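Beneath this line is the structure, given in structure tokens, with notes to follow.
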Amino acid sequence: MREFIRWFFGDPAQRTQSFLRTQEQRLIQSLVEKIPAHVDSLQLSGIGVLGAVVAAAALVSARSWPWTVSLVPVAMAVNWFGLSVDLPLARSRGGEAAAEGMSHHLGEIFSHLTILLAYGFSPFLTMRGATIVIVCYLLFSAYGYIRAATRHAEQMAYIGIGVTEFRILLALWPFAAMLLGVPQSLEDRLPPIDVAIMSLAAFTVIGLIAKLFLDGRKITAATRGEE
């Protein structure tokens, strides 16, 4: 039971517990070693943001030109490359400066919010569903940054889903939506996809509240131990 709780809520001793962490870190290290010397981390952050903008444009354009949806996975791969390799590249070259860290985190937030908002204007999600996902994303992001500030550790994954897994979901959802018939149901008063999103949102918020109490107890215990 203790192991399940640790898997669900996250292990404070680890920076991330996402499913793809080990494989991703190996790939990132391999890419870092191949990046030309004239390319810096700020440029990579910009490339990542550009990928998100292209993905968002492709999603919105899919209403008029369905073929543009094929650009989404490619653009999301560019987004992953830019915003996953930027900080490791900076660290490999002598350290992560404040500007590089700020550029990375702003790029992550902008990318995710832009793509989620674009989903609301796409044929693959309602604006109501996209708004609910955005609110949940902001809640978890805010908690992650607060936790980092109070415990000097970043919690980047929940239930095994980290930033990379989230990107994969965003990249593949249009194709899953078409298989599930989501575009045809969006004109309904309460589409099934909205019901599913609201149910998952309630589940995740309850999990976040439980995690808040668990982390609060651990922080309190750690603070008393230092006194």
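Things worth noting here:
- Complete set of residues in region 88-104 that are touching a helix residue (DSSP H, G or I) at 6+ places or on another chain (Cβ under 8 Å) and assigned to a helix (DSSP H, G or I): Pro88, Leu89, Ala90, Ser92, Ala99, Glu100, Gly101, Ser103, His104
- Region 107-139, residues that are polar (S, T, N, Q) and part of a loop (DSSP other than H, G, I, E, B): Ser122, Thr126
- Residue, modelled with the highest pLDDT, within region 140-180, restricted to residues that are part of a helix (DSSP H, G or I) and among the β-branched types (Val, Ile, Thr): Ile168
- Pairs where the first residue, in region 144-167, is hydrophobic (A, V, I, L, M, F, W, C) and the second is modelled with pLDDT of 80 or more, C-beta under 7 Å, 6+ apart: Met156/Gly162; Met156/Val163; Val163/Glu108
- Any helices (runs of 4 or more DSSP H) falling wholly within region 1-81 and containing at least 2 residues that are under 20 Å from Ala176 (Cβ atoms) and either of a type in the set (A, V, I, L, M, F, W, C) or at pLDDT 95 or above (or both): 41-61
- Taking every residue in region 43-55 that is within 14 Å of Ala171 (Cβ to Cβ) and pairing it with any residue that is β-branched (Val, Ile, Thr) and part of a helix (DSSP H, G or I), at least 6 positions away or on another chain, the pairs with Cβ-Cβ distances below 6 Å are Gly51/Val78; Ala52/Thr114; Ala52/Ile115; Ala55/Val72; Ala55/Ile115.
- Test: Arg189 is free of Cβ contacts under 8 Å to residues at least 12 places away in the same chain, under 21 Å from Ile146 (Cα atoms) and either surrounded by fewer than 16 Cβ atoms within 10 Å (Cβ to Cβ) or not hydrophobic (A, V, I, L, M, F, W, C) (or both): no
- Residue satisfying condition, being closer than 17 Å to Ala177 by Cα and touching an Asp or Glu at 6+ places or on another chain (Cβ under 6 Å), within set Gly120, Gly129: Gly129
- Of the residues making up region 84-126, those that are crowded, with 17+ Cβ neighbours inside 10 Å, without any contact (Cβ under 8 Å) to a residue 60 or more places away in the chain and not charged (D, E, K, R) number 6.
The values are calculated or read from the model by the stated rules, or taken from the named source; none is laboratory data. Just so it is clear, the structure is predicted and the values come from calculations on it, not from any experiment. For neighbour counting, all protein chains shown are included, and Cβ atoms are generated from backbone atoms with ideal geometry for every residue, glycine included.
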